[in-house]
Amino acid sequence: MRYVRNSVWGWLLMAACMVGCGKEIPRDIIQPTEMENVLYDYHLGISMSNNLSYSDNYQKEAYRNYIFDKHHITAAEFDSSMVWYTRHTEELAAIYKNLGERFRKEKKHVEGLIAVREKKPAVSQPGDTVDVWYDRKLYWLAKGPLINRVTFEIPADSNFKAKDAFLWSADYIFLSEHPGQKAVMGFNVQFDNDSVAGSVKEITASGAQSLFIKPDSAFAIKSLNGFIYYTEADSANALGVIVNKITLMRYHEPTDTTSVAEKKDSLTVEKPDTVITKKEAETQPEVSPEKQQPVRMNPREMKENTDRPQRIKRKN
């Protein structure tokens, strides 16, 4: 009995030792928290060095050395630690899970900074009818290579849907009456298969103008882009055009109410026929044959019914 008890305790001690040793990280290996920080900077450095030109490839080594100096480690310590972590995939997977979350947060933060710089929302507003125009509402276009145009590009986001319709509108006010001046308004919807649906219009008089696009493509929308160019004949009297009240409305495709109604009807559960016994039928008031419901009988009643003649009431 004592031998068995000692054997059990021995096995338990050995199992605890194995579990503990499996989670213990050697002291000469970079610990998980520090390794996560090293790999974060390491992958950022690789991304930056990949954008270097061929003549600047020598700087890649400088990026790598800077990361090691920052974390006070050597290249040999980093390499030996990576060998250990690749042999212990659970530890490495936990580190890269945290790295993925950090990179996603950093990406969202950078997109927000870019949106602030370009005065553009990072994500358009949700809704069936939304103005996705983010730039200025008023422009004065005149003769000149830098002041004669308005261009834009809006990348699609999660609030865009396939078969969305778009209406790009603006008010045009020509500041002088000149037959040679005009504005060209163009608008395109680009899809993720690189196909394009577009529309172009020439504007020669003041007033409200718009371009409407209702794509019939089932492909997802990749981006919206457009332009307004002002052109004029050589004349000092042409003062340009004011483009005001610019809007770009996005309309989600309306729900097909007919199909919804049909689907609802198809889910309607029919009530089962009322089942009554022969005895209950005899107590029911007499009804005409057209309105009389069939009587359902159990096997015993059916046998009794066949053993005796049926009595049928005839109408006078």
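The values are calculated or read from the model by the stated rules, or taken from the named source; none is laboratory data. The shown structure was predicted, so the numbers you read here are calculated from the model rather than taken from an experiment. All Cβ positions, glycine included, derive from the backbone under ideal geometry; neighbour counts span all protein chains shown. Surface areas here come from the heavy atoms of the whole protein model, side chains and all, with no ligands, DNA or RNA. Shrake-Rupley method; radii C 1.70, N 1.55, O 1.52, S 1.80 Å.
For Ile173, the accessible area of its heavy atoms, probed at 1.4 Å with every protein chain present, is near 80 square angstrom. At full extension, Ile46 and Ser223 could sit 60.8 nm farther apart than now, given 0.36 nm per residue minus the alpha carbon distance. What pairs from Lys137/Lys201; Lys105/Lys161; Lys60/Lys108; Lys143/Lys182; Lys60/Lys222; Lys108/Lys137 go past 23 Å between their alpha carbons? Over 23 Å apart, Cα to Cα: Lys105/Lys161; Lys60/Lys108; Lys60/Lys222; Lys108/Lys137.
Would you kindly work out the equivalent ellipsoid of the stretch 142-256 from its C-alpha gyration tensor and give its semi-axes, the square roots of five times the eigenvalues, largest first in whole Å?
Numbers: eigenvalues 200, 37, 23 Å².
Value: 32, 14, 11 Å, ordered largest first.
Modelled spin labels at Thr86 and Lys60, positioned 7 Å past Cα toward Cβ, are 1.7 nm from each other. Taking every Cα-Cα distance in the stretch 150-213 and sorting them into 5 Å bins starting at zero, the pair-distance distribution P(r) comes out as 4, 13, 24, 22, 14, 10, 7, 4, 2, 0 percent.
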